[in-house]
Amino acid sequence: MSTESNIIVPDGFTLHTENTSRILLESNQAFLNPVQEFNRDTSVACIRVWSEELNRAKEEKWRKLQEKKANKQKDGAAKKRKGALSCFIRGILWKLMKRSVVETDDAQKAKEPSTGEGIDNTTAEISPHSVKPPEVCILLNNPVLPAIHEVKQPYKFVLLEALSATGLRSIRYAKEIPLLKHVIANDLSPSATAAMKRNIDLNDLGPAADAPSEGKVRINEGDACTLMYSHREEKNRVDVVDLDPYGTAAPFIDAAVHFSNYGGVPAKAEYCHEAALRLVLHTLSTSATRYGRYIEPLASLSIDFYVRIFVRVKTSPLEVKKALTKTSAYYICSTCQSSYEQPLGRVVEKPSAAGNVNYLFKIQNGPGVTEKCPECDSTLHMAGPMWSGPLHDTGFVTKVLEHLEANQDKYGTAVRMRGMLTVAQEELHVPFYFTPAKLASFFHCTTPALEDVASALLHAGHKISRSHACPGSLKTTATREVVHSIFRSWIKRNPVKMENVSENSPTRRLLAKEPGFEANFKRHPDSVTPSGKMKLVRYQENPTSHWGPGTKAVGGSKRKRAKDDI
């Protein structure tokens, strides 16, 4: 047994510190990969910014409701004041009329002898029943009750981490996100939940003695899908679901948002990492539409050997129908990797005479390409269906960067986070990226500099950006035909040695075509993107030798078959 920073570390355990959280690790038990700190830092930052934006939206909605109530109260008060003023005037008239009656009566009495019968019926006739006594005019002095100034309490959200392992991620959420109400930390493995309890108590996040069910991190031992389905009813719904499995997330997605791995065929091309993001987004979108909901990708990141995706799930029948227009299959050339999009649907907007917009949803015609690749006459393969809409919400990524800039000391991987998120912020909302080196290999030519290709695209009137998913990559609004024309123009300046190209090679078919235009390789001022000028750490370098995914934790979650079951 040892002591580290006033924490007693039992024998057989090691103390792991990450940011403000500390956990005890036991060998061969719950799984933890220290390299995943970047993953956890990014998750904390994105969920924290999301929670602040959600709270801001709720405050704005509440403020508008209060303004509406105040205006309604103001209108009511004005009506009351108007009524009170009318009442006051009637009271004055009543007094004047009464005084006139009394004076008339006194004059009459002076002329006639008293009969002893009091005042005659003249007073009753002159005092109309419609005139109320002046006492009711008290309303004029206090027309409305004083306004009560209410203060909107911040919205606290609930997060469910379906696969918690050591509980480190849940602990960090509880300690680092101010608007978090509590976390439900789940794992199927008894050893993992035991580790979670130990680590939650170590960080003082467990339940109090007088409130055993009200801890900031609440442990659940059970199947992840069963737990998520148990929160399906609206009254039991959580605000955030965090899925970080060892391996594919496919078995959990339907339960999280109420074929093959992700309901589509992957792309066998250099842009496979982006295709992976789009396949997962397609699966999320498909699962959401099944329940009348739709997704808005906030940030979709390809990191090292995995993907990390943040989506907002909302409800709207119209947007559910529009999801079809953000889904496409792709014909991909088996040689030059050119991609040709085939949307599954399209929407036609028809404005009405009243100024409203009617949406007509139709099936997309197809295919939009011939049997063979138009560029090199090679076989086309199918990929998808996959998400064809934006990967990121640029505004959301910008807010995460602003948060990171103000809190760099709170994230151990802030430098890399800033680099990757800055590239994601600039990224064009088009599929897919390419690298000049890969395209040069198809043409058997020398590789042009990245800035040369970017300049030629910009001079041709197209937009360019980098991709966060691959170093040395470019995304552009240009078609692959335009990109190939730029390479053919480059080859005219830097000829290919044809003796090194076999007669039956697809390269000869690529080189046989003339460029569609003469590319301008003069350095364009925007050829280097803003992130490139900032010298950011945009792509991860291997932190250790033989680095990669760790071995899967052995938690004893599988039930051993009894003899009676055989």
FRET efficiency estimate (nearest 0.05) - Cβ-Cβ, A406 to M534, R0 22 angstrom: 0.80
Among the listed pairs K326/K475; K58/K350; K72/K152; K268/K322; K235/K326, those beyond 24 Å (Cα-Cα): K58/K350; K268/K322; K235/K326
Residues E52 and V347, FRET efficiency given R0 of 41 Å [Cβ-Cβ distance, rounded to 0.05]: 0.80
Net +/- balance of residues flanking Y359 in space, Cβ distance below 15 Å, scoring K and R +1, D and E -1: +4
Total formal charge among the other residues, if their Cβ is under 14 angstrom from that of I200, Lys/Arg +1 and Asp/Glu -1: +2
Evaluated at q = 0.15, 0.16 Å⁻¹: base-10 log I(q)/I(0), Debye formula over Cα of region 388-438: -0.50, -0.55
Accessible-area value, F517, 1.4 Å probe, nucleic acids and ligands omitted, Å²: 70
Neighbour net charge for M386 - beta-carbon separation under 14 angstrom, K R +1, D E -1: +1
Exposure of M498 as accessible area (Å², to 10), given a probe of 1.4 Å and all protein chains: 70
Sites A208 and E233, calculated FRET efficiency, Cβ-Cβ separation with R0 41 Å, nearest 0.05: 0.90
Nearest-10 value in Å² for the accessible area of H403, using the 1.4 Å probe: 20
Given K156/K321; K61/K314; K64/K175, the pairs whose alpha carbons are separated by over 22 Å: K156/K321; K64/K175
Heavy-atom accessible area order for H444, H231, largest first, 1.4 Å probe: H444, H231
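The values are calculated or read from the model by the stated rules, or taken from the named source; none is laboratory data. This one's a predicted model, so the numbers in the text were calculated from it and none came from an experiment. As a convention, Cβ positions derive from the backbone with ideal geometry for all residues, glycine included, and neighbour counts pool all protein chains shown. Protein only, heavy atoms only, side chains kept; ligands, DNA and RNA dropped before computing areas. Shrake-Rupley method; radii C 1.70, N 1.55, O 1.52, S 1.80 Å.
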